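Structure, as structure tokens:
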There are 2 protein chains.
Amino acid sequence: MSETTPAVRDGSASHRIAEAVRQAILSGEYQPGERIVQEDLSERYGGSRIPVREALRQLESEGLVRLVANTGAWVQSLTLAQCSEVYQTRERIEPLLLRHSAEYFTDSVIAQMASLAHEMEQTDDLEVFLDLDRQFHFATYRAEGTYVLGDLVTQLWNTTQPYRRAYTGSVDREHMRLYHDDHHMLVRALRDGDLELAEQVVAIHIRRTRVNLERHPEIFPEPDPNTG
Amino acid sequence: MSETTPAVRDGSASHRIAEAVRQAILSGEYQPGERIVQEDLSERYGGSRIPVREALRQLESEGLVRLVANTGAWVQSLTLAQCSEVYQTRERIEPLLLRHSAEYFTDSVIAQMASLAHEMEQTDDLEVFLDLDRQFHFATYRAEGTYVLGDLVTQLWNTTQPYRRAYTGSVDREHMRLYHDDHHMLVRALRDGDLELAEQVVAIHIRRTRVNLERHPEIFPEPDPNTG
DNA sequence: TGCCGTCATACTGGATGCAATCAGCGAGAC
DNA sequence: GTCTCGCTGATTGCATCCAGTATGACGGCA
């Protein structure tokens, strides 16, 4: 193959494009509601429109993109109600994933969690915070060891990422204190081997965030019934 | 292309093909582990291989099909552990979906549930039983009214459908009695407006089925670590 | 006889080109 | 002045064709 074009047959151009667009959405480069044109993507990431279309279908199934037949694709945007539903789902699912990760909690893994929890207390950078927060929580999950739970939780995190970004910027100090305390309490519970408590902490943590999120309806677009 | 079918551009051949293959898998026409060749599907359902490929990607994301790059597609087959994980996930999710469906439980809807619960007690036909069982449970869910929960629960049901079929055939009378009793208890709880109890009944119902399922490892293939 | 390298075949992945469809805009009628 | 209808450009959906890869069979060699 050509060495200039990075379109090397690595087995799947559509996977590569899907990953690139996914990251672009998660990083905030593509905003919710933004139109996505197939040809733009094929130019930008190389390849024809065929792998682009397959990538878009993949992202649609992950809830990151909205496809309308014969019309186009948009970055998925959520209403407050939809975002709240995702958080309620997380509240039920993530404790289960945590439980499934039990045998994975070695001392070194727990030390790493503690380190991340501490590190994210120090930063003032929003993007760094979001990244560390995600790292922390997924450090408490052994997503690879599961069949559906890992991917499911990842998807639920991904679809709500833009709103987490918008919301985290306007969190007051008091609630941020509670947020960090939850993390420390979770680490301690895992260190003590108290899975029951750990599950509860995760659930409460997610619920707390949801309730606070619901106090910020201004970051969500008007609830357009067509944009389901 | 076929000349009899005018290949009506209904907006999406891939959707049509995906739906057809999905039903073929759910009905048991395609068995878990069975190879799927793209050209066969394009011949069978009309159209070229492009929409077939998009349909397969769709089904892969739904967990019904397993794709391997440059190699092919297979009907997804689960190990006992994976199937059990799906049931554990359902156990946490479906009570939530039930709760979200609360305002939908009118008298007529509940009467319909009761009718289905009664009807499925009468049949001896496996396929009819499976169909009624699904109808009953989804009658207790207002899946369309949700953003993720409805699709998620549908997917979890779909991926485990072949094993539900294989397992239900070998259920003893005593357990079947408990299974029906769960249904009636659920209807009663909903009629009484006792959502708390209804959630518990659903969770116990799913757990009971999972535990019984785990007593039938013979319906699952050998746990091949490659077939993740 | 058993194992390894080579080759043929079948299938998947991707590129290009064309037809169908939708959104936007302007002209005409009321 | 406003609403409706038809047209045009832009974009998607699909079919055909080509390149690349995995699988299985065959033959040579230890």
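Which of the residues that make up segment A:30-83 are assigned to a helix (DSSP H, G or I) and within 10 Å of DNA strand D (Cβ to nearest atom)? Walk me through how you get there before you give the answer.
Of the residues in segment A:30-83, the ones assigned to a helix (DSSP H, G or I) are A:38-45, A:49-61, A:80-83.
A:38, A:39, A:40, A:41, A:42, A:49, A:50, A:52, A:53, A:56, A:57, listed by residue number.
Residue by residue through segment A:154-191, note down the ones that are of a type in the set (A, V, I, L, M, F, W, C) and part of a helix (DSSP H, G or I). It would help to see each step written out before you state the result.
We begin by selecting, within segment A:154-191, every residue of a type in the set (A, V, I, L, M, F, W, C); these are A:156-157, A:166, A:171, A:176, A:178, A:185-187, A:189-190.
Matches in segment A:154-191: A:156, A:157, A:166, A:176, A:178, A:185, A:186, A:187, A:189, A:190.
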Segment A:62-103: number of residues that are within 16 Å of DNA strand C (Cβ to nearest atom), touching a helix residue (DSSP H, G or I) at 6+ places or on another chain (Cβ under 7 Å) and at the interface with chain B (Cβ under 10 Å from one of its Cβ atoms): 1
For residue A:43, are the conditions met, namely being under 22 Å from the mean Cα position of the chain (by Cα) and either at the interface with another protein chain (Cβ under 9 Å from one of its Cβ atoms) or free of Cβ contacts under 8 Å to residues at least 40 places away in the same chain (or both)? no
Do you know which residues across segment B:192-220 are of a type in the set (Asp, Glu), part of a helix (DSSP H, G or I) and at pLDDT 95 or above? B:196, B:199
Is at least one residue of segment A:19-37 within 16 Å of DNA strand C (Cβ to nearest atom), within 8 Å of another protein chain (Cβ to nearest Cβ), more than 18 Å from residue A:155 (Cβ to Cβ) and surrounded by 15 or more Cβ atoms within 10 Å (Cβ to Cβ)? no
What pairs come out if I take residues in segment B:26-37 that are over 14 Å from residue B:78 (Cα atoms) and pair them with residues that are away from DNA strand D (no atom under 16 Å from the Cβ) and assigned to a loop (DSSP other than H, G, I, E, B) whose C-beta lies under 8 Å away, six or more apart or interchain? B:36/B:30
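The values are calculated or read from the model by the stated rules, or taken from the named source; none is laboratory data. The structure presented is a predicted model; accordingly, all values stated were derived computationally and were not measured. Glycine gets a Cβ as well: all are built from the backbone with ideal geometry, and neighbour counts include every protein chain shown.
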